[in-house]
Amino acid sequence: MSDIQTLEREILAAISAARDEAALEAVRVAALGKKGAISELLKTLGGMSADERKEKGPTFNSLRDRIADALAARKAALADDALSAKLATERVDVTLPARPEPRGTIHPVSQVLDEMTAIFADLGFAIAEGPDVEYDDYNFTKLNIPPDHPARQMHDTFYVAPQADGSRHVLRTHTSPVQVRTMLSQKPPIRIISPGRTYRVDSDATHSAMFHQFEGLVIDEVTHLGNLKWVLEEFCKAFFEVDQVEIRARPSFFPFTEPSVEWDLRCDRSAPGKIVFGTGNDWLELAGSGMVHPRVLEMCGIDPEKYQGFAFGGGLDRLAMLKYGIPDIRPFFESDLRWLRHYGFAALDIPTLDGGLSR
Ligand code: DAH
């Protein structure tokens, strides 16, 4: 075997023996570097006769090319191996959740508000809203509670300083002014539900100065208390997630309804710390209601000769406390993270009737 062939074999063997890029680089320098074996070989061409150079030149050059090719191929193979090894150690588990668990929770009041919205939307009600700072006129007068009417004292009202024109604002004491706003701005038939914040000068274990109510209003040519009872029953079944409920009516008084009715829901509180709805010998206050007073319809621009309707309203926080077994209302609004994590709901579970209200 010629020296050249031996040299080529040795170099090729060293190339395939190189385990990493550094080792391969050492082989390259030893072969093709300035003082490398092949470079030295090429240098000898300068001292040759023209004929000899013609013969050896192509041999040396093709040797250099083969070695260069082998180096490049080995380099690529080593890079491939390195990448595969890296990928093997850095494997991503695609079954892991894409995002970390959300840490915030949905407040029970928001949860109940969403549940109520889903239920009433299914019954064909639209959501209506009104401002927290309300005209005295809408909060009271147009609801048939004129100034100096004793019923104003039933509401421990936060009054806002009088305006320049003498008109007065209050922090709304109930969601009923949304009835007024709706009747003033829409023509019957009307079917709305309005959950929202309300305020009264009152605070103990079951009352907070800021609390939440819901208000329902249905106005049409033929509506009666039987429709109202059905709506409340359907709501209770869906909301408390039971197949059967029983509600009872009690005569009552509200200035804005005639007749006025309060509704109670049958429940069982015999087991300590637990309420079961639909059976039992206890009754829970559910909502105030009645047929909208003709004077209210008139003051809100609706002809009481042609239209009539029912309204209902009650405490939203109370519903949350009952459904989710929360004993005290005050921590609802204290922003205590421990309480929020304990009573809060998963942020991504939106209540729907078909998907489940509270899961
Ligand atoms: N606004 C009443 C309250 O704050 C609740 C209420 C009673 C609303 C009767 C109504 C109703 O719409 O018809 O206690």
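Just so it is clear, none of the values below were taken in a lab; they were calculated from the coordinates. Just so you know, these numbers come straight off a predicted model, no measurement behind them. Note: ideal-geometry Cβ built from the backbone for every residue, glycine included; neighbour counts use all protein chains shown.
How many angstrom separate the Cα center of region 116-174 from the Cα center of region 218-255?
First find each Cα centre; the distance between them is then 23 Å.
Using modelled backbone amide H atoms (1.01 Å from N, in-plane), which distant-in-sequence or interchain residues come within less than 5 Å of Thr257's amide H?
Residues meeting the criterion, in which the H sits 1.01 Å from N, are His293.
Given Cα pairs under 8 Å that are at least 6 residues apart, what percent is the relative contact order of the chain?
16 percent
Show me the ranking of peptides 285-298, 13-26, 229-242 by mean Cβ neighbours inside 10 Å, starting with the highest.
So the peptides 285-298, 13-26, 229-242, ranked by packing, come out 285-298, 229-242, 13-26.
Determine the calculated [θ] at 222 nm for the chain from helices alone, applying -39500 (n - 2.57) to every DSSP H run no shorter than 4 residues and normalising by the residue count; nearest 500 deg cm²/dmol.
Result for the chain, helices only: -12500 deg cm²/dmol.
By how many nm would the segment from Glu52 to Glu40 lengthen if fully extended, with 0.36 nm per residue of separation less the alpha-carbon distance?
Gain on stretching Glu52 to Glu40: 2.7 nm.
Between Thr206, Val245, Ser16, whose Cα lies farthest towards the positive end of the dipole of the chain when Lys and Arg beta carbons carry +1 and Asp and Glu beta carbons carry -1, centred on the Cα centre?
Ser16
What residues of region 255-297 lie in the reach of a label at Ala205, counting those whose backbone N is under 13 Å from a point 7 Å from the Cα along Cα→Cβ?
273
On a 27 Å Cα-Cα criterion, which of the cross-link pairs Lys237/Lys274; Lys142/Lys237; Lys142/Lys229 come out too long?
Lys142/Lys237
If you average 1/r over every pair of different alpha-carbon atoms in the chain and take one over that average, what Kirkwood value in Å do you get?
So the Kirkwood estimate lands at 26.9 Å.
Quick one: 3J(HN,Hα) in Hz for region 21-26, Karplus 6.51/-1.76/1.60 with θ = phi - 60°, rounded, Gly and Pro as x.
Couplings: 5, 5, 5, 5, 4, 4 Hz.
For the chain, give the share of DSSP beta bridges that are antiparallel, in percent and rounded to the nearest 5; count only bridges with both residues there.
95 percent
Quick check: the distance between the Cα centres of region 180-197 and region 50-69, to the nearest angstrom?
Answer, in whole Å: 96.
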